[in-house]
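The values are calculated or read from the model by the stated rules, or taken from the named source; none is laboratory data. Remember, predicted model here, so these are calculated numbers, not experimental data. Because the Cβ atoms are built from the backbone with ideal geometry, glycine has one as well, and the counts that use them run over all protein chains shown.
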Amino acid sequence: MKFLSVYKTVERNAPPTQEEMEQMGKLIRDGMKAGWLLAVEGCMPSATGARVRKSNGKMIVTDGPFVETKELIGGLAILQANSKGHAIELAKYFLGHAEDGECELRQLHEAGERAQTTGRM
């Protein structure tokens, strides 16, 4: 099973320290070597981003930074897990190496499989 893990945290205005980069680099290397981490990306500050929303048929674009938001997406990962419980344990492991925040886990549809919850691809 594959899961999307979206890491949400309070945005900080400083880049990670060298020590933080080394610690996260080791976690990523170890996770990829072990096969439970398939892909990972970190996000740039929200000042470089935009939000695009459709409401009542109208498109609304808001440029960052998004100061009104308490937590922003700090990064994402694609996890290979045996079950939802396993994905939860992997998220806990990641959070043990990250700043305070949360990981939202969402199981991904995989080609050739039917989603158990919706009966659709």
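Pairing each residue of region 55-68 that is modelled with pLDDT under 95 with any residue that is assigned to a loop (DSSP other than H, G, I, E, B), provided the two are 6+ apart or on different chains, yields C-beta distances under 7 Å for Gly64/Gly49; Pro65/Pro45. When Met21 is tested against (1) at pLDDT below 90; (2) out of contact with any Asp or Glu (no Cβ under 9 Å at 6 or more places or on another chain), only condition (1) is not met.
Of all residues in region 11-26, none satisfies being under 20 Å from Glu99 (Cβ atoms), assigned to a strand (DSSP E or B), within 18 Å of the chain's Cα centre (by Cα) and touching a residue at least 24 places away in the same chain (Cβ under 8 Å).
Out of the residues in region 1-42 that are within 23 Å of Glu104 (Cβ to Cβ) and among the hydroxyl-bearing types (Ser, Thr, Tyr), state the one that is surrounded by the fewest Cβ atoms within 10 Å (Cβ to Cβ). It comes out as Thr9.
The single condition among (1) under 13 Å from the mean Cα position of the chain (by Cα); (2) within 14 Å of His97 (Cα to Cα) that Asp30 does not meet is (1).
Scanning region 4-23 for residues that are in contact with a Gly (Cβ under 8 Å, 6 or more places away or on another chain) and either of a type outside the set (A, V, I, L, M, F, W, C) or more than 25 Å from Thr69 (Cα to Cα) (or both) yields Tyr7, Lys8, Thr9, Glu11. Among the residues making up region 53-87, those that are surrounded by 14 or more Cβ atoms within 10 Å (Cβ to Cβ) and within 13 Å of the chain's Cα centre (by Cα) are Leu72, Ile73, Gly74, Gly75, Leu76, Ala77, Ile78, Leu79, Ala87. One residue alone among Glu89, Glu99 is out of contact with any Asp or Glu (no Cβ under 8 Å at 6 or more places or on another chain) and in a loop (DSSP other than H, G, I, E, B), and that residue is Glu99. For region 43-52, a tally of residues being assigned to a strand (DSSP E or B) and either surrounded by 10 or more Cβ atoms within 10 Å (Cβ to Cβ) or polar (S, T, N, Q) (or both) returns 2.
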